[in-house]
Amino acid sequence: MRLVGPNGEQVGIVRVEDALRLAAEADLDLVEVAPMAKPPVAKLMDFGKFKYEAAMKAREARKNQVNTVIKEIKLRPKIDPHDYATKKGHVVRFLGGGDKVKVTIMFRGREQSRPELGYRLLQKLAEDVIELGTVESAPKQDGRNMIMVLAPTKKKSEARAEQRRKKDDAAVATHNAEAADDDAAQVGDAEDTTASPEAPEAQAEQAEQATPAAEETVAAE
């Protein structure tokens with residue numbers, strides 16, 4: 001078999017007995033990594049450590065795996081400006097979070113004869129959120145509805161990282177503001193407890209008030 005060392009170095013073609021002896025001397029395991037090769041390839045390794053690292057890599061990959069989520073927003077062709085602003089806010093939030101958005105225009109009654117109303121509304125929405133998303137699926141009629149799909153410009157992992165960064169920055173700013181308030185309060189307390197010396201004018205006035213009393217005592221004697 002062809003033997004590979006623990007650091008990936010090529011040992012060469014050796015007998016199975018020699019490979020087992022080398023593994024025992026190095027206190028490692030002999031693991032066949034390419035049994036179908038000619039000759040088969042085996043590697044000296046710590047198999048327990050190898051399994052642990054492989055499990056950790058798989059766990060990290062599952063953690064970073066992003067599931068595609070499609071949010072849906074429904075509009076009417078003659079939507080009120082206030083309602084439109086609210087719906088657009090939802091679209092902005094979804095795209096900012098890295099999710100796709102399916103926008104559906106619902107036609108009723110005579111509105112079905114005016115598909116251009118829905119088309120213009122979808123175009124306006126796409127232009128309003130162009131910084132956060134792009135049109136993945138152009139507006140198309142689907143029965144009584146017209147549908148458009150918007151895709152975020154940022155990947156979900158990037159959006160999550162940015163949101164975490166903003167939260168961390170906000171937490172740091174709050175902590176710094178609280179620390180500054182505490183320092184200001186401590187300085188104020190210190191100023192209040194510091195005794196202020198009497199002004200010279202006040203001392204002179206007290207001396208003048210005390211002088212007549214002394215003179216009266218002498219006169220009485």
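Read the figures in this text as sums done on the coordinates, not as results from a lab. Keep in mind that this is a model prediction, so the values were computed, not measured. Note that we place each Cβ from the backbone using ideal geometry, even for glycine, and neighbour counts take in every protein chain shown.
Could you work out the per residue convex hull volume over the alpha carbons of segment 70-157, in cubic angstrom?
Roughly 75 Å³ of hull volume per residue.
How big is D for segment 2-48, in µm² s⁻¹ as a whole number, if Stokes-Einstein is applied with the Kirkwood radius of its Cα pairs at 20 °C and 1.002 mPa s?
After rounding, the answer is 206 µm²/s.
Taking the highest mean first, how do the peptides 118-126, 26-34 order by number of other beta carbon atoms within 10 angstrom per residue?
Highest to lowest by the protection proxy: 118-126, 26-34.
Quick one: in segment 1-121, what % of C-alpha pairs are over 17 Å apart?
In whole percent, the share of Cα-Cα pairs in segment 1-121 beyond 17 Å is 72.
What is the sum of charges around Arg21, taking Lys and Arg as +1, Asp and Glu as -1, for the other residues whose C-beta is under 13 Å from the C-beta of Arg21?
Once positives and negatives cancel, what remains is -3.
Within 10 Å of each residue's Cβ, count the other Cβ atoms and sort Val149, Val11, Val101 from fewest upward.
Details: Val149 18, Val11 15, Val101 25.
Fewest to most other Cβ atoms nearby, the residues stand as Val11, Val149, Val101.
FRET efficiency for Ala55 and Arg144, Cβ-Cβ distance as r, R0 = 41 Å, nearest 0.05?
Using R0 = 41 Å, I get an efficiency of 0.20.
Of His90, His82, how do they rank once you tally other Cβ atoms within 10 Å and put the fewest first?
Fewest-to-most Cβ neighbours within 10 Å comes out as His82, His90.
Quick one: Arg21, Arg2, fewest Cβ neighbours within 10 Å first, how do they rank? Present the calculation step by step, with values, prior to reporting the outcome.
On the way: Arg21 13, Arg2 18.
So the ranking, lowest neighbour count to highest, is Arg21, Arg2.
How many lysine pairs are close in segment 37-101, with Cα atoms under 25 Å apart and the two 8 or more places apart or on different chains?
18
I'd like the FRET efficiency for Glu72 and Ala171, computed as 1/(1 + (r/R0)^6) with the beta carbon distance as r and R0 of 35 Å, rounded to 0.05.
Numbers: r = 33 Å, r/R0 = 0.94.
Plugging the Cβ-Cβ distance into 1/(1 + (r/R0)^6) gives 0.60.
What net charge do the residues around Arg108 carry, taking every other residue with its C-beta under 9 Å from that of Arg108, with Lys and Arg at +1 and Asp and Glu at -1?
Summing Lys and Arg as +1 and Asp and Glu as -1 gives +2.
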